[in-house]
1. Measure nothing but the geometry: give the 0 to 90° angle between the long axis through the Cα atoms of 261-280 and the longest principal axis through the Cα atoms of the chain, rounded to 10°.
2. Under 12 Å from a label point 7 Å along Cα→Cβ of Glu111: give me every residue in segment 124-156 with its amide N that close.
3. If the cut-off is a Cα-Cα distance under 18 Å, which aspartates and glutamates reach Lys117, setting aside same-chain residues fewer than 8 apart in sequence?
4. Explain nothing, just the number: dipole magnitude of the chain about its Cα centre with +1 on each Lys and Arg Cβ and -1 on each Asp and Glu Cβ, in debye rounded to the nearest 20.
5. Among the listed pairs Lys172/Lys221; Lys211/Lys237; Lys191/Lys259; Lys172/Lys278, which are separated by more than 20 Å between their Cα atoms?
6. Enumerate the amide H contacts of Ile38 below 5 Å, restricted to partners 5 or more residues apart or on another chain; note that Pro and chain-start residues carry no placed amide H.
7. Evaluate the relative contact order of the chain (contact order divided by residue number), counting alpha-carbon pairs under 8 angstrom at least 6 apart; express in whole percent.
8. Name the residue farthest towards the positive end of the dipole of the chain from the options Val225, Gln54, His189, assuming +1 on Cβ of Lys and Arg, -1 on Cβ of Asp and Glu, about the Cα centre.
Amino acid sequence: MAAEIIYGSELAQEIRSELKSEVETLNGQGIHPKLSVIIIGDDPASKSYVRGKQKASNKIGMDADLWEYDSTITEPELLNKIEELNNEKSVHGILVQLPLPEHIEDQKVIEAISPEKDVDGFHPISIGKMMTNQETFLPCTPHGIIVMMERAGIELEGKHAVILGRSNLVGKPVGQLLLNKNATVTYCHSKTEDAQNITKQADILIVAIGKPSVISAEDIKSGAVVIDVGVNRVDGKLTGDVDFESVKEKASYLTPVPKGVGPMTITMLLHNTIEAAKRIHQ
Ligand code: GUN
């Protein structure tokens, strides 16, 4: 039996139209959610991501301003700009696109953003609240993955979720969110021995290591839910970490790349910015 393909692109449109209505309601109350995005340098992929964020914001009627800096900007200059945006009442969410140039310390920048405006969910306060299952801004890609599975009607409680990859951006937090949903969570990473033995036990397999086609049908259990978080370029073509053709014949649900997890990430950023605006005006 072939897997049901979960198109994040379609779900994202559905959620964005709900968010658009929410923005209209807030506008009616005199609240105008606004995101500020900072980008440093001229990496084409990062530039394309931030333009996507700005366009998606505008499409739901939300303001998003873009602060573009040359890679020669100093760390104190950047920290000053963040402080200015922290104090700017009209700005509800702040996002500094990663990665940053080598002379700027990522963690210092992440910690400079006010937790009330941390729509990326990367601040240690946001992470700590997520760990202890308190309300907070959840990191966008992990949150998008959970929403995708929930909206597809996939039961998470009691299921064995295996996470392939332990990055701070995706692997680690998605495991935590699954644990918060009462799944049983196992992490596999580059030092894991006999990872295939573990991935084959997964009811839910999240693949986030950034290597094309590392997971194929022989690595999964029949009927598993497989979420592909990979973003790889092979011969100029965007592909995931999962061998789509073989896995779709054995899995129960599978996300494609492109049109899978990617569009959900931006959607959750819009969601967080609207939440930030609501909280500040409460
Ligand atoms: N770079 C790649 N993904 C992300 C993200 O979700 N947020 C930020 N700030 N930078 C990124």
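1. In the chain, helix 261-280 runs at an angle near 40 degrees to the longest axis.
2. 124-125
3. Qualifying aspartates and glutamates at Cα under 18 Å: Asp63, Asp65, Glu83, Glu84, Glu88, Asp106, Glu135, Glu275.
4. The calculated dipole for the chain is roughly 460 debye.
5. Lys172/Lys221; Lys191/Lys259; Lys172/Lys278
6. Trp67, Leu95, Val96, Gln97
7. Relative contact order of the chain: 23 percent.
8. About the Cα centre, the residue reaching furthest to the positive side is Val225.
No lab work stands behind these numbers, since they all come straight from the coordinates. The model shown is predicted, which means the values in this text are computed figures rather than measured ones. So basically every Cβ, Gly included, is an ideal-geometry build from the backbone, and we count neighbours across all protein chains shown.
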